[in-house]
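Heads up, the thing below is written out as structure tokens.
The values are calculated or read from the model by the stated rules, or taken from the named source; none is laboratory data. Note that the structure is a prediction, hence the values are computed from the model and not measured. Cβ placement follows ideal geometry from the backbone for every residue including glycine, while neighbour counts extend to all protein chains displayed. Side chains included, ligands, DNA and RNA excluded: accessible areas come from the protein's heavy atoms. Shrake-Rupley method; radii C 1.70, N 1.55, O 1.52, S 1.80 Å.
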Amino acid sequence: SSRLLHVPAVEQNRRALLTSLFDEMKLSERFPSLESGVDYIGARFRAETGRRESLHDAPSSSSLKDVMADGWTVQLHQPQRFEEFDRLYRLMAALEAELQTLVGCNAY
């Protein structure tokens with residue numbers, strides 16, 4: 001099936017499980033080596049102009065913390081590709097085996 005499945009993390013146990021799959025500190029360490037538009041995208045809304053801005057090229061010296069502190073939302077594409085997120089990779093692989101279809105995720 002090509003339907004999207006969204007699993008909200010509203011229950012405390014589910015939230016704890018999903019949160020444990022992704023480590024923001026590990027992403028922060030890797031962020032300077034990631035490529036904008038390939039590995040992640042960033043966006044923010046500017047109230048003064050009423051426009052959405054896209055983060056195309058963060059300077060390599062920019063840290064994830066600095067980018068987020070500057071008002072950007074960062075979407076990491078398929079974090080299971082990176083070795084730092086092995087638990088997430090294993091979950092995606094188990095879902096693919098069970099559902100017999102490709103499974104992917106993004107992290108915000």
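With respect to the conditions (1) in contact with a helix residue (DSSP H, G or I) (Cβ under 6 Å, 6 or more places away or on another chain); (2) among the hydroxyl-bearing types (Ser, Thr, Tyr); (3) open to solvent by 80 Å² or more (accessible area, probe 1.4 Å), Thr19 lacks only one, and its number is (1). Determine whether the range 39-48 contains at least one residue that is modelled with pLDDT of 80 or more, assigned to a loop (DSSP other than H, G, I, E, B) and more than 22 Å from Val103 (Cα to Cα). Yes; the residues of the range 39-48 include at least one that is modelled with pLDDT of 80 or more, assigned to a loop (DSSP other than H, G, I, E, B) and more than 22 Å from Val103 (Cα to Cα). Hey, among the residues in the range 49-68 that are closer than 16 Å to Tyr108 by Cβ and in a helix (DSSP H, G or I), which one's most open to solvent (accessible area, probe 1.4 Å)? So, considering only residues that are closer than 16 Å to Tyr108 by Cβ and in a helix (DSSP H, G or I), the one most open to solvent (accessible area, probe 1.4 Å) is Lys65. When residues in the range 17-38 are screened for being more than 13 Å from the chain's Cα centre (by Cα) and part of a helix (DSSP H, G or I), 5 of them pass. Candidates are the residues of the range 1-16 that are closer than 15 Å to Leu95 by Cβ and open to solvent by 90 Å² or more (accessible area, probe 1.4 Å); the one that is farthest from the chain's Cα centre (by Cα) is Ser1. A Cβ distance below 8 Å, combined with a sequence gap of six or more or placement on separate chains, defines the contacts here; from the range 1-30, residues that are in contact (Cβ under 8 Å) with a residue 12 or more places away in the chain reach residues that are part of a helix (DSSP H, G or I) and open to solvent by 100 Å² or more (accessible area, probe 1.4 Å) in the pairs Ser20/Arg87; Leu21/Arg87; Ser28/Lys65. Of all residues in the range 28-48, those being under 14 Å from Tyr108 (Cβ atoms) and among the basic types (Lys, Arg) number 1.
Just one of the numbered conditions (1) in a helix (DSSP H, G or I); (2) within 28 Å of Arg3 (Cβ to Cβ); (3) open to solvent by 90 Å² or more (accessible area, probe 1.4 Å) is not true of Glu96: (3). Filtering the range 72-91 to residues that are surrounded by 15 or more Cβ atoms within 10 Å (Cβ to Cβ) and over 20 Å from Val38 (Cα atoms) leaves only Leu91.
Filtered by the rule that a residue be open to solvent by 80 Å² or more (accessible area, probe 1.4 Å) and farther than 20 Å from Gln78 by Cβ, the range 22-45 gives a lone residue, Phe45.
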